[in-house]
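Engineer: The structure's right below; bear with me while I get my questions together.
The values are calculated or read from the model by the stated rules, or taken from the named source; none is laboratory data. All of these numbers come straight from a predicted model, not from anything done at the bench. Neighbour counts run over all protein chains shown; Cβ positions are idealised from the backbone, glycine included. Surface areas here come from the heavy atoms of the whole protein model, side chains and all, with no ligands, DNA or RNA. Shrake-Rupley method; radii C 1.70, N 1.55, O 1.52, S 1.80 Å.
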Amino acid sequence: MSDILQRLLSPDVPNVQKDFQEKQFRLPRLGTEEQPVIFTLRALPYGRVQELQEMDKDVSVHILLAGCADPNLKDPALQEKFGAATPVDAVKCLLLPGEIEDLSREVEKLCGYRRRTIDEVKNG
């Protein structure tokens, strides 16, 4: 067995379809230093990312909704507060367009997009 295969079979190599990476991000506009508003974002499985990227409309909002572990942006209370018909509409009422894009990009980064994930091996 090759050393590389042995490394890939080791218990410390995660299954990215089950072990989703998470990061937290603070939204300064919505909170204060004493009471920050922190979003916990989570990576998405491959199939889900593909589904979302094929959508024609509001792709960034859908990526954010799928990748936001906390707070629950799909909570009906948010829709009620903003008089929104859907979670997509509620997010558009809650967050600025730039905030939606920034948070969506961070979900994509957790999924391995929008960042370099490989290094070229130079011979010699």
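Engineer: Relative to the longest principal Cα axis of the chain, at what angle does helix 97-110 sit, 0 to 90 degrees, rounded to 10?
Structural biologist: That works out to roughly 20 degrees.
Engineer: Ordering 38, 118, 100 by how much accessible area each has at a 1.4 Å probe, largest first, what is the list?
Structural biologist: Working: 38 70, 118 115, 100 15 Å².
Descending order: 118, 38, 100.
Engineer: While we're on this one: Give the accessible surface of the chain per residue, rounded to a whole number of Å², with probe radius 1.4 Å and ligands, DNA and RNA excluded.
Structural biologist: Working: 8850 Å² over 124 residues.
About 71 Å² of surface per residue is accessible.
Engineer: Also, quick follow-up: Counting only helical runs of four or more DSSP H residues, what would the 222 nm mean residue ellipticity of the chain come to if each run contributes -39,500 (n - 2.57) and the total is spread over all its residues?
Structural biologist: About -11500 deg cm²/dmol.
Engineer: What is the distance, in nm, between label points placed 7 Å from the Cα along the Cα-to-Cβ direction at residue 101 and at residue 27?
Structural biologist: 1.7
Engineer: May I pose another question? Which one of 30, 67, 20 is farthest out on the positive end of the charge dipole of the chain, using unit charges on Cβ (Lys, Arg +1; Asp, Glu -1) and the Cα centre as origin?
Structural biologist: 20
Engineer: Please give the solvent-accessible surface of residue 86 in Å², to the nearest 10, using a probe radius of 1.4 Å with every protein chain present.
Structural biologist: 50
Engineer: Taking R0 as 30 Å, what's the FRET efficiency between residue 37 and residue 4 from their Cβ-Cβ distance, rounded to 0.05? Write out the running numbers ahead of the final one.
Structural biologist: Values: r = 43 Å, r/R0 = 1.44.
According to the calculation, E is roughly 0.10.
Engineer: In the full protein assembly as shown, how much of residue 113 is accessible to a 1.4 Å probe, in Å² to the nearest 10?
Structural biologist: 70
Engineer: Please calculate the 1.4 Å probe accessible area of residue 30, with all protein chains present, and give it to the nearest 10 Å².
Structural biologist: 60
Engineer: Then there's this: In the range 1-81, which trypsin sites (Lys or Arg not before Pro) fall in coil by DSSP and have 12 or fewer other Cβ atoms within 10 Å? Working shown, then result.
Structural biologist: Working: sites: 7, 18, 23, 26, 29, 42, 48, 57, 74, 81; in loops: 18, 57, 74.
Hits after loop and neighbour filter: 18, 57.
Engineer: Okay, next question. Once you have a ≥ b ≥ c as the square roots of the Cα gyration tensor eigenvalues for the range 1-93, tell me rounded if a/c is under 1.5, and otherwise prolate or oblate according to whether a/b is larger than b/c. Intermediate results must be reported in sequence, preceding the final value.
Structural biologist: Working: a/c = 3.54, a/b = 1.79, b/c = 1.97.
Here the range 1-93 falls in the oblate category.
Engineer: What percent do you get for the relative contact order of the range 8-124 when only Cα pairs under 8 Å and 6+ apart count? Mind showing how you got there, number by number?
Structural biologist: Numbers: 128 pairs, mean separation 26.8, N = 117.
Relative contact order comes out at 23 percent.
Engineer: Out of the total accessible area of the chain (probe 1.4 Å, heavy atoms of protein only), what percent is carbon and sulfur? It would help to have the intermediate numbers written out before the result.
Structural biologist: Values: 4480 of 8850 Å².
Here it works out to 51 percent.
Engineer: Shifting gears a bit: Quickly work out the residue 113-to-residue 12 label distance, labels modelled 7 Å from Cα along the C-beta direction, and quote it in nm with one decimal.
Structural biologist: 3.1
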